[in-house]
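Everything on this sheet refers to the single structure shown next.
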Amino acid sequence: MMSSFLRTITATLIAFVVLGCTSTPKQSLYDEIGGHQTLNTIYGVAITRIYTDPVIGHYFKGVPKKHLRDQLVLQTCELIGGPCEYDGKSMIESHKGLGIKEREFYILVEYVQGAMRDVGLTYQQENRILKQLAPIKYETIYL
């Protein structure tokens, strides 16, 4: 039989293990992928491709690349648990009247996905980011 002292020690150790497991802060997706530097690289690569695309490049005429990259980084940072706060225009406001078609939206998404792969994100990380960005689709097309 287990003595009272051993039961107390065993219960205490179990409590520490359980509490230790539940109190460990989970790393944000933002931190997991490498934070601001990784997002900045992803959008830098994607934007270079987007601006030269014959189908969607015209939507970005007159929009400074650095401004767009900074806004996309901030917005994504906020959406995936980073310390950023996006304070730019709403997606509806930014895309109103452009008449962006679903097919055109997906061309942009493919460039962003390709850039994520190019910088070494896993498919799981890529999909988790895209899941957070997906609702933006309905704020950008056919407006």
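Tabulated data
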{"item": "Selected residue [assigned to a helix (DSSP H, G or I) and either at pLDDT below 95 or surrounded by 14 or more Cβ atoms within 10 Å (Cβ to Cβ) (or both)] from LEU143, LEU98, LEU72", "result": "LEU72"}
{"item": "Residue under evaluation GLY114, criteria (1) among the small types (Gly, Ala, Ser); (2) exposed (fewer than 12 other Cβ atoms within 10 Å of the Cβ); (3) touching a residue at least 60 places away in the same chain (Cβ under 8 Å), criterion not met", "result": "(2)"}
{"item": "Extreme residue, surrounded by the most Cβ atoms within 10 Å (Cβ to Cβ), among residues of segment 75-95 that are part of a helix (DSSP H, G or I) and over 12 Å from the mean Cα position of the chain (by Cα)", "result": "HIS95"}
{"item": "Segment 25-71 - residue that is more than 17 Å from TYR86 (Cβ to Cβ) and small (Gly, Ala, Ser) and, of those, farthest from the chain's Cα centre (by Cα)", "result": "GLY62"}
{"item": "Hits in segment 78-93 (condition: closer than 18 Å to GLU139 by Cβ and in contact (Cβ under 8 Å) with a residue 40 or more places away in the chain)", "result": "LEU79, ILE80, SER90, MET91, ILE92"}
{"item": "Given (1) surrounded by 12 or more Cβ atoms within 10 Å (Cβ to Cβ); (2) not basic (Lys, Arg); (3) not in a loop (DSSP other than H, G, I, E, B), index of the condition LEU121 fails", "result": "(3)"}
{"item": "Residues of segment 1-51 satisfying the condition of being exposed (fewer than 10 other Cβ atoms within 10 Å of the Cβ) and at pLDDT 95 or above", "result": "none"}
{"item": "Candidates ILE129, ILE107 - the one that is under 21 Å from TYR30 (Cα atoms) and either part of a helix (DSSP H, G or I) or in contact with a Cys (Cβ under 9 Å, 6 or more places away or on another chain) (or both)", "result": "ILE129"}
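The values are calculated or read from the model by the stated rules, or taken from the named source; none is laboratory data. Because the structure is predicted, anything quoted here is derived from the model rather than measured. Every residue, glycine among them, receives a Cβ derived from its backbone with ideal geometry; neighbour counts consider all protein chains shown.
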